[in-house]
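J.: Here you go, one structure.
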Amino acid sequence: MTDKTQSIHKEWSSRFAFILAATGSAVGLGNIWKFPYITGENGGGAFVLVYLLCVAGLGVPIMIAEIMMGRRGRQSPVNTMQTLAREAGADPRWHYLGWMGMAAGFLILAYYSVIAGWSMAYIFKAFFGGFFSSDAADIKALFDDLMASPVQQIFWHTLFMVITMQVVMRGVRGGLEKAVRFFMPALFFLLLILVGYAMTSGSYQQGLDFLFTPDFSKIDADAVLTAMGHAFFTLSLGMGAIMVYGSYLPGHVSIAKTTFFIAGADTVVALLAGIAIFPLVFANHLEVASGPGLIFQTLPLAFGHMGGGWLFGVLFFLLLFVAALTSSISLIEPGVAWLVENRDMDRAKACVWAGSACWLLGVAVVFSFNIWAEYKFFGKNLFGLLDYLTANLMLPIGGLCIAVFTGWIMKSAHAEQELELPAEGFKVWYVLIRNFAPPAVFLVFLHVIGVF
Ligand code: TRP
């Protein structure tokens, strides 16, 4: 099996290549689009604090666990779980965890591609001078216009999906390393420029207060769940994406150090996006809780006002598109890897199958913003439902299972051998993954269903 899998999937060329790919997966729409809008919807500071605690206390240890499992199993998540369960003498049904992960990745990509399509549409809107108006109402109209048009959205969604599948088809390495190496620092730099602009907008302090002054009366159980779910979402955890990347990782790479870097970079990008956006929201008297359109209704205002705004506007949405692309690849990779291993498909065919199915669901997501907007499930449109189901339920459940598996099922000697941490470090990780993470996730769920 090992020989076969290695010849199918190959290894990363170096530790650096893995870091690039995993950072590319983590940094995406979750940081720049989702983090600001859910922070706005959930009242700011207290929500941000809970999110940061979840990243540190759950995200980091679970990411270490997920990479470690991938490297030990060396296959797609479904088969990795099977191998690891066998090795630990545990119930083979653990491999259903791999299935749930594949399903989650598929459901996320369906709507992720639609939102990535919006950012592609905005590259062109920026290019053709769409942001020149300095009026918040005009900028909002630009966004409403896109929302109302299934044709425009389907066009961009289709294009994004085709590009994603093209990249996945060539195998995870090729263009990915280059894309992350060049575009990621550029994105970071542009965010700094936007933060610089936000400082001059007049409401900088108000924006910072909103983000960093916690007011716990503003959050309820569901907000805590959203914050926890987002910690998983933004780090690409709980569905096997990082596991599959870990499976291509050469031995003798420090998993813990690598994880600190990825989680750190991801968090900094999200916070910068928040710091760039909220001062603009307040300066222009916009609604903090305006939902998924938030960045599309605020950042163009900055580009419309600032020197060089045309260029920065085009560049920003281009970089956002690249960041989305390096994430979307990891959402579909577990499914494609599984098709290649178990259905004896070649990569190309696996991509066409997985991509087409995902595209179709994405079309329904597009309709949920316009012609099907009135169809609600539990008070949410299809987009909201998919997002809740995946980010708030499937990913935390996946993360919980990963913690239970590595903390309670897998032999600790195996984990120790894989991680090669100093004794103290290993102890801290082990307590977090075994004694802290499982009850913490569980308690949040109990709180949401109103047990206490
Ligand atoms: N982390 C990415 C983002 O923040 C999204 C993503 C990519 C993801 N792969 C994933 C989320 C796997 C959950 C699981 O945009």
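The values are calculated or read from the model by the stated rules, or taken from the named source; none is laboratory data. This one's a predicted model, so the numbers in the text were calculated from it and none came from an experiment. Please note: Cβ atoms are built from the backbone with ideal geometry, for glycine as well, and neighbour counts cover all protein chains shown. Surface accessibility is based on the protein's heavy atoms, side chains included, excluding ligands, DNA and RNA. Shrake-Rupley method; radii C 1.70, N 1.55, O 1.52, S 1.80 Å.
J.: Within the range 409-452, work out how many residues are in contact (Cβ under 8 Å) with a residue 60 or more places away in the chain, open to solvent by 70 Å² or more (accessible area, probe 1.4 Å) and assigned to a loop (DSSP other than H, G, I, E, B).
T.: So the answer is 2.
J.: Do we find a residue being within 16 Å of the ligand (Cβ to nearest atom) and either surrounded by fewer than 18 Cβ atoms within 10 Å (Cβ to Cβ) or within 20 Å of the chain's Cα centre (by Cα) (or both) anywhere in the range 377-385?
T.: yes
J.: Just a yes or no: is a residue in the range 95-118 polar (S, T, N, Q) and touching a Leu at 6+ places or on another chain (Cβ under 8 Å)?
T.: no
J.: I'd like to verify a number: residues in the range 312-331 that are within 9 Å of the ligand (Cβ to nearest atom) and either farther than 30 Å from residue 130 by Cβ or in contact with a Pro (Cβ under 8 Å, 6 or more places away or on another chain) (or both), how many?
T.: Residues in the range 312-331 being within 9 Å of the ligand (Cβ to nearest atom) and either farther than 30 Å from residue 130 by Cβ or in contact with a Pro (Cβ under 8 Å, 6 or more places away or on another chain) (or both): 1 in total.
J.: Could you give every pair whose Cβ atoms fall below 6 Å, whose first residue belongs to the range 321-350 and is within 19 Å of residue 33 (Cβ to Cβ), and whose second residue is in a helix (DSSP H, G or I) and not hydrophobic (A, V, I, L, M, F, W, C), counting only separations of at least 6 or pairs across chains?
T.: 321/119; 326/24; 327/25; 328/112; 328/164; 330/25; 331/105
J.: Please indicate, with yes or no, whether at least one residue in the range 35-45 is within 15 Å of the ligand (Cβ to nearest atom), of a type outside the set (D, E, K, R), surrounded by fewer than 24 Cβ atoms within 10 Å (Cβ to Cβ) and modelled with pLDDT of 95 or more.
T.: Checking the range 35-45: at least one residue is within 15 Å of the ligand (Cβ to nearest atom), of a type outside the set (D, E, K, R), surrounded by fewer than 24 Cβ atoms within 10 Å (Cβ to Cβ) and modelled with pLDDT of 95 or more.
J.: While we're looking at this one, here's another question. Just need a number here: residues in the range 92-134 that are surrounded by fewer than 24 Cβ atoms within 10 Å (Cβ to Cβ) and not in a helix (DSSP H, G or I).
T.: Going through the range 92-134 one residue at a time, the tally reaches 6.
J.: Now a separate question. Identify, please: which residue in the range 331-349 is out of contact with any Gly (no Cβ under 8 Å at 6 or more places or on another chain) and among the small types (Gly, Ala, Ser) and is, among those, most open to solvent (accessible area, probe 1.4 Å)?
T.: Among them, the one singled out is 348.
J.: Let me ask another. Kindly indicate which of 352, 340, 365, 404 is closer than 25 Å to residue 226 by Cβ, hydrophobic (A, V, I, L, M, F, W, C), in a helix (DSSP H, G or I) and away from the ligand (no atom under 16 Å from the Cβ).
T.: Just one listed residue meets the conditions, 404.
J.: Further, regarding this structure: Which of the residues spanning the range 244-270 are within 16 Å of the ligand (Cβ to nearest atom) and of a type outside the set (Val, Ile, Thr)?
T.: 245, 246, 247, 248, 261, 263, 264, 265, 266, 270 - these are the residues of the range 244-270 that are within 16 Å of the ligand (Cβ to nearest atom) and of a type outside the set (Val, Ile, Thr).
J.: Scanning for something crowded, with 22+ Cβ neighbours inside 10 Å and in contact (Cβ under 8 Å) with a residue 24 or more places away in the chain, does the range 173-184 turn up at least one residue?
T.: The answer is yes, given that some residue of the range 173-184 is crowded, with 22+ Cβ neighbours inside 10 Å and in contact (Cβ under 8 Å) with a residue 24 or more places away in the chain.
J.: Quick one: would you say residue 302 is closer than 17 Å to residue 169 by Cα and either surrounded by fewer than 23 Cβ atoms within 10 Å (Cβ to Cβ) or more than 16 Å from the ligand (Cβ to nearest atom) (or both)?
T.: So residue 302 fails the test.
J.: OK, next. Answer with yes or no whether residue 241 is crowded, with 18+ Cβ neighbours inside 10 Å and within 16 Å of the ligand (Cβ to nearest atom).
T.: So residue 241 fits the description; yes.
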